[in-house]
Amino acid sequence: MGEQRNLTEENVEELKASLEKMHEENPNLKYRFFEQSEEKLYVGTKLITAVPMDEAAFAAYKNEGGRLLGDQNREGYKVTYPDGYLSWSPKETFEAAYREVTPSERALF
């Protein structure tokens, strides 16, 4: 894959020329320019349950024969979503996205 660049007025013509060349080489290539104004900001929330679990333990838990995404000693969390789906999240990613529900908040659910 090519590099990712911010689209500016200065480089838009260069980018269009590059895309046209790619399209000539592969006529099935489809692309579309999105105006920045088309982008909308979203925030999502969901209640999950989680338990600290390294990646190797999660692979064993899921009986995946030790199939790992990265370092087997990576710290992380086993995450259970409301629909029952199980996944594993690296510690840094999880802790940046979630915080523990307080006892007073839990009473609201």
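Just a yes or no: is a residue in segment 27-40 over 30 Å from R99 (Cβ atoms), modelled with pLDDT of 75 or more, in a helix (DSSP H, G or I) and more than 28 Å from the chain's Cα centre (by Cα)?
no
Exactly one of these conditions fails for E105: (1) assigned to a loop (DSSP other than H, G, I, E, B); (2) modelled with pLDDT under 90. Give me its number.
That leaves (1) as the condition not met.
Return the residue satisfying two criteria in turn: it lies in segment 55-84 and is touching a helix residue (DSSP H, G or I) at 6+ places or on another chain (Cβ under 9 Å), of a type outside the set (G, A, S) and modelled with pLDDT of 80 or more, and of such residues it is surrounded by the most Cβ atoms within 10 Å (Cβ to Cβ).
Among residues in segment 55-84 that are touching a helix residue (DSSP H, G or I) at 6+ places or on another chain (Cβ under 9 Å), of a type outside the set (G, A, S) and modelled with pLDDT of 80 or more, the one surrounded by the most Cβ atoms within 10 Å (Cβ to Cβ) is Y77.
The values are calculated or read from the model by the stated rules, or taken from the named source; none is laboratory data. What you see is a predicted model, and the numbers here were worked out from it, not measured in a lab. Neighbour counts run over all protein chains shown; Cβ positions are idealised from the backbone, glycine included.
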